[in-house]
Structures are given as structure tokens and as C-alpha cells.
Amino acid sequence: MTLFASPLLSARQTLVQGKVSEAVTGRRFTDFKAVLSFSHGAGQGILPVTLQTKPGGHHALHLDPVRDLRDLSKNGPVTLTLTVTVPGRDPLVQAKKIPAAKFALISRPVKIGTQVLDSRVITGAPFVMDFIFSAAPVGLRGIVLNKNDPDAPLAGVKIRAGTAPEVLTAANGRFVVTALPVTETVDIELEGAGPAETVVFRPDYDIPVNTITLSLGS
């Protein structure tokens, strides 16, 4: 009886996975581009990975480790560098140094029907690389009233919204803060003729310019 070696199966494997999200808001991104490169004692270059995105901001970059990747299991550590670009944002770059031994190929049998095929996979993959983009700052427009009276706007009130530059209300009681601090809540301090008062405001990052009505002496 003659035994034949199991044929080698060409199969793709996830090399890098993770999620892309936004600080403060927790928003997850699925509309982005990713470029993965490597640097190693044997050379460097761009890896021909395919990007797959899933709900919740999760991503996977996969390739065929036999056809698309040279032997990186020797000659020192491997540095993977992933660049992620979200529309309207500056790219984020993350580099991860990985021991060369984690790139060794191991055999993994795969049964398809009655046939057992031999696949090769990278022993340490997938490698996790998460990205957190800063939330884009939003503006604030508002009006300050005297004791909640819409017919009594207050002029010359000092408005201090967290670390944003101080502004004054105009003759009609209105004010504009160009960019609020990027935080979950912002302390807005109002200082007029009497004691200063503080209001805690929660910005809505889905609206470029938030609005608010404030009152002194209420």
C-alpha cells in the first residue's frame, strides 16, 4: 500500500486584529484604511494583507502565510507597523515588536470531506493592535439670562468652559466658545456682578456646535 503525503492547503490567516474606536465617545469606526508593514533582519516592506472590518469597530488583516510572507522566524525580532486612516482625521501609527519565534510556521491539518489537507499557520498570530482616535472638539453657543427671564439677557458675563479661553457675553447675552475641551463633561463657570456659578455640561459630539441657555441669580 502506498501512502501519499497530505497535499498542502493554501489558506489565509489573520495576522493582525483589533478595534478602532474614539476616545470619550466610545464610537467605533468601520470606515477606515489600513497599511501594514514589517521590519526585520532579513529586510522590510509592505505586507499584502486584506482588510476585513466587522461591526463594533473590529478589524482583521489577513494573508496567506505561505505565499505572502517570507520566513521571519530567525534573525531577530520583527517590528510590525500598522497605519490606520479614518476619513477626516490624521492617521494613527502603531509599531509592535514581536519575537521572531512567533512567526514560525507550524502544520495544522484541515479535513475537507474525506480528505485531510495540510495547512501552514504562523504560530503566534493573530497579533492585537487597537487604535483610539481623539474625539474632534465641538463648539458651544449660548445665552445667559437674568433669573431665567428670556427678556433679560445679561451682557459682560465671563464664561469659562473648562480650559477653553474665557469669553464675554455680548449686549444680547449671547456668547460663543469655539472649541470645548474634549472631555465627557465640561464645567462652565459664569461670573457676572454677583457670585460665580458653575454648570456641568455634557457635550454632544455628534453635533459640531452645541447650544445652551444659562442663567445667573436663579
Percent accessible area from carbon and sulfur atoms, the chain, protein chains only, probe 1.4 Å: 53
Test of understanding: extend the Cα→C-beta vector of VAL200 to 7 Å, then name every residue of segment 172-190 with backbone N under 12 Å from that spot. 184-188
Between ASP68 and LYS97, what is 0.36 nm times their sequence separation minus the Cα-Cα distance? Round to one decimal in nm. 8.5 nm
Tell me, what ³J(HN,Hα) does each residue in segment 75-91 have, in order and in whole Hz, if you take phi through Karplus 6.51 cos²θ - 1.76 cosθ + 1.60 with θ = phi - 60° and put x for Gly and Pro? 6, x, x, 10, 9, 9, 10, 10, 10, 10, 10, 9, x, x, 10, 5, x
Can you give me the solvent accessible area of VAL182 with a 1.4 Å probe, rounded to the nearest 10 Å²? 60
Listed residues ASP118, ASP149, ASP31 arranged by accessible area, highest first, probe 1.4 Å: ASP31, ASP149, ASP118
Once you have the alpha carbon radius of gyration of segment 44-177, what is it after dividing by 2.2 N^0.38 Å, with N set to its residue count? 1.96
Each residue of segment 119-136 in order: what ³J(HN,Hα) in whole Hz does its phi give by Karplus 6.51 cos²θ - 1.76 cosθ + 1.60, θ = phi - 60°, with x for Gly and Pro? 10, 10, 10, 7, 4, x, 7, x, 9, 9, 9, 9, 10, 10, 7, 6, 5, 6
With springs only between Cα atoms under 10 Å, which of PRO195, PRO165, PRO153 fluctuates most in a Gaussian network model of the chain? PRO195
What does the accessible area of VAL177 come to, in Å² to the nearest 10, when a probe of 1.4 Å is used? 10
Simple spin-label model, 7 Å along Cα-to-Cβ: ASN172 to ASN75 in nm? 7.0
At what distance in nm do the modelled label points of VAL209 and ALA23 sit from each other, each positioned 7 Å from its Cα along Cα→Cβ? 2.6
For ARG27, enumerate residues with amide H under 5 Å from its amide H, sequence gap 5+ or separate chain, H modeled in the peptide plane. GLU22
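The values are calculated or read from the model by the stated rules, or taken from the named source; none is laboratory data. These figures come from a predicted structure and were not determined experimentally. Cβ sites come from the backbone with ideal geometry, for glycine too, and all protein chains shown count toward neighbours. These accessible areas exclude ligands, DNA and RNA; they are computed on the full protein's heavy atoms, side chains included. Shrake-Rupley method; radii C 1.70, N 1.55, O 1.52, S 1.80 Å.
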